[in-house]
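For reference, the structure is listed below as structure tokens.
The values are calculated or read from the model by the stated rules, or taken from the named source; none is laboratory data. It should be emphasised that the depicted structure is a prediction, and the values quoted were computed from it without experimental measurement. Glycine gets a Cβ as well: all are built from the backbone with ideal geometry, and neighbour counts include every protein chain shown.
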Amino acid sequence: MPLYLVRWPTLTASLVQADDEDELLDILDQDDDPGGCTWEVYSGPLWIDFELPFKIGDRKAGGCVPTDPSDFTVEPTSDFGGELDPDMVHVTTPLCDEVSDMKQEVLRGAFPHLAEHIEAHELDDDRASSDDGLGAALLRELWPLVRHYQALDDLAERDDFEATMMKQMRVTKILPAMRRALAQALAEVPAREAD
């Protein structure tokens, strides 16, 4: 199952696993309109930690080796809000080379202009020596947002059935699930008319 690097129209990127691009669009639609997204299969390094908001204490301090889980205490951290659900899991990354490599690959894939600026800055290139270079790189990263606003404007001008569905679902691109539902509904019409 491929892992996709998704670039949202804003300055946000996601790593999402899906069977194929159709499923990817359906998954992305759970959060926001995927019509403004771009994506590519991601095969770079990956390391993400999942931490519970609890700290472990050792009851047998002083050099004694624990022999049972009851030799420890478990107390909530200040991050624990008291809710017992999956949202209590915190997503983090460790400080290591693999994570640095992962972040570099994400930058290159999702934010190529910023990645180029950072690489030039690391080489002490004159282009990267000013804040103007950073600002220009970030503005160039906003083309997906511009295209998304243009798609919203184009959709607002349309009044066909597909556009009406898209407006109701608040998307700028017909989603695979919508296409399947429409095809099924159209297939049922002749069957009903035959009855």
Exercise. How many residues are over 18 Å from Met1 (Cα atoms) and either outside the structural domain of Lys103 (by TED's automatic domain parsing) or modelled with pLDDT of 95 or more (or both) when one looks only at segment 35-47?
Worked result: 2
Problem set entry | Candidate set from segment 143-165 (those that are among the aliphatic types (A, V, I, L, M) and either outside the structural domain of Ala181 (by TED's automatic domain parsing) or in contact (Cβ under 8 Å) with a residue 60 or more places away in the chain (or both)); member that is farthest from Glu116 (Cα to Cα) | Ala151
Problem set entry | Pair list, Cβ < 6 Å and 6+ apart or interchain, from segment 44-57 residues that are touching a residue at least 60 places away in the same chain (Cβ under 8 Å) to residues that are acidic (Asp, Glu) | Gly44/Glu105; Pro45/Glu98; Pro45/Asp101
Problem set entry | All strands (runs of 3 or more DSSP E) inside segment 39-93 with 2 or more residues being farther than 23 Å from Leu15 by Cβ and among the charged types (D, E, K, R) | 54-58
Problem set entry | Verdict on Ser70 being out of contact with any Gly (no Cβ under 7 Å at 6 or more places or on another chain), free of Cβ contacts under 8 Å to residues at least 60 places away in the same chain and in the same structural domain as Ala136 (by TED's automatic domain parsing) | no
Exercise. Under 7 Å by Cβ, and 6 or more places apart or on different chains, what pairs join a residue from segment 77-91 that is in contact (Cβ under 8 Å) with a residue 40 or more places away in the chain with one that is assigned to a loop (DSSP other than H, G, I, E, B)?
Worked result: His90/Pro53; His90/Asp79; Val91/Ile48
Exercise. Considering segment 89-104 alone, what residues qualify as being in contact with a strand residue (DSSP E or B) (Cβ under 8 Å, 6 or more places away or on another chain) and either surrounded by 13 or more Cβ atoms within 10 Å (Cβ to Cβ) or β-branched (Val, Ile, Thr) (or both)?
Worked result: Val89, His90, Val91, Thr92, Thr93
For this session: Answer yes if at least one residue in segment 100-115 is part of a helix (DSSP H, G or I), modelled with pLDDT under 90 and closer than 25 Å to Leu46 by Cβ, and no otherwise.
Result: no
